[in-house]
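Read through the structure below, which is laid out as structure tokens, and then see the notes.
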């Protein structure tokens, strides 16, 4: 049993988990929307347990993001007494190790999205009626279907009719708009809705808001039709049905850039604005304006060529951490240089992000949940989905705010989820009249880039 975890009885489960098991038993092709942090993993495992005990299925095959299937799903049974006898088989490692894992006797087989092509090659050789075709459950379904032209979901679609039942679970069904529903629901429904290619479907129901067609918005008169189609294959769990969680308090820590730096920042921003929204969309997220806000600029040499500009945001970060009076905190970073700044400030700080292997990441996660780490650095793209970090602390500090509403919600949900015993605090460091405000509007108000950009122009 992982350090810091205690076995919990099934009586702790809420009625919604029984309802979800009933939905999966009675239906096929359903996207089950569980509020972020609502316990998707334990619900999936409990469903597998119940359906196997009832003799309805022989095993369950679960697909999910890599870190979730390697860490979150295998660890979850250790917390629940009623799952003691459930055999979990992570299908991970080299090709030979994965093939060997599939040959083992198990109740729940776990495979990551990146191994879907290999898995489909194996499944195509199996006869109809094989146990691996009893039940497919896709965790973080919206992540798999984010690219409607993606090869992973196309490979799975070729085998869709061979599974007895297929279901998906997600906390964010349309993180960036209704377009995110297309691929998952067309796959789950066996093309009973939206039986056309994505481009044709998008042009029928949406309209571009910029010349280069980077962003699209739904035509208002088409929204009821999209909602009605989706509702046929979606079940949403109301937050009121979940066990009560303490709330999340978001604290905005606003500050001004030094006058000389702000003047240079405005010059840079005006160049980008003169190129239109497309430039803001493609360039600002990884560009000079955001770097200047963080306190540095990359030169032509990239990560190895950095010019220091100011310490005002760094000083504010230290002040916030000091004011936590020893409470553990997750600090969210974006750039490589952000991480280097954190490592200079806090030399022993571990991190979850690019360059950290699975074994090292798991050690950091266990240490955090055992409350052995005062600080943990995290990149939202590497650790935004499915990670259980609720046992280690209740504070998140955004040193560099993400542009993605989905990553924002998912990152907060790493601590604000079932098992969290304290109110959570979400600290945003916001440089006034800069891209920090633009990003804040994107993630808090879920604005499309065009609207967030227009609002930013009104302020500056």
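What follows is calculated from the coordinates using simple rules that are stated; it is not laboratory data. Just so you know, these numbers come straight off a predicted model, no measurement behind them. Backbone-built Cβ (ideal geometry, glycine too); neighbour counts: all protein chains shown.
Quick look at the numbers
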item	result
Ranked packing of 327-338, 98-109, 298-309, most packed first, by mean Cβ within 10 Å	327-338, 98-109, 298-309
Peptides ranked, highest mean first, by Cβ atoms within 10 Å: ranges 387-393, 148-154	387-393, 148-154
Degrees between helix 449-459 axis and first principal axis of the chain (Cα, 0 to 90, nearest 10)	30
Shape category assigned to segment 10-241 from the gyration tensor of Cα positions, a/c cut at 1.5	prolate
Euclidean distance between Cα centres, segment 362-410 to segment 69-144, Å	25
Taking the chain and dividing mean pair separation by its residue count, relative contact order in percent (alpha carbons under 8 Å, at least six apart)	17
Nearest 10 degrees, 0 to 90: helix 336-345 Cα axis against the chain principal axis	80
Segment 326-452 - percent relative contact order, Cα under 8 Å, separation 6 or more	27
For segment 10-241, share of DSSP beta bridges that run antiparallel, in % to the nearest 5	10
Label of the coordinate-derived value, P(r) over Cα pairs in 10 Å bins from 0, in percent, listed as (i) 4, 16, 21, 19, 15, 11, 6, 4, 2, 1, 0; (ii) 4, 19, 28, 26, 17, 5, 1, 0; (iii) 4, 15, 18, 13, 9, 7, 5, 5, 6, 7, 6, 4, 2, 0, 0	(ii)
Antiparallel bridge percentage (DSSP; both residues within the chain; nearest 5)	15
Rounded to 10°, Cα long-axis angle of helix 15-26 versus longest principal axis of the chain	60
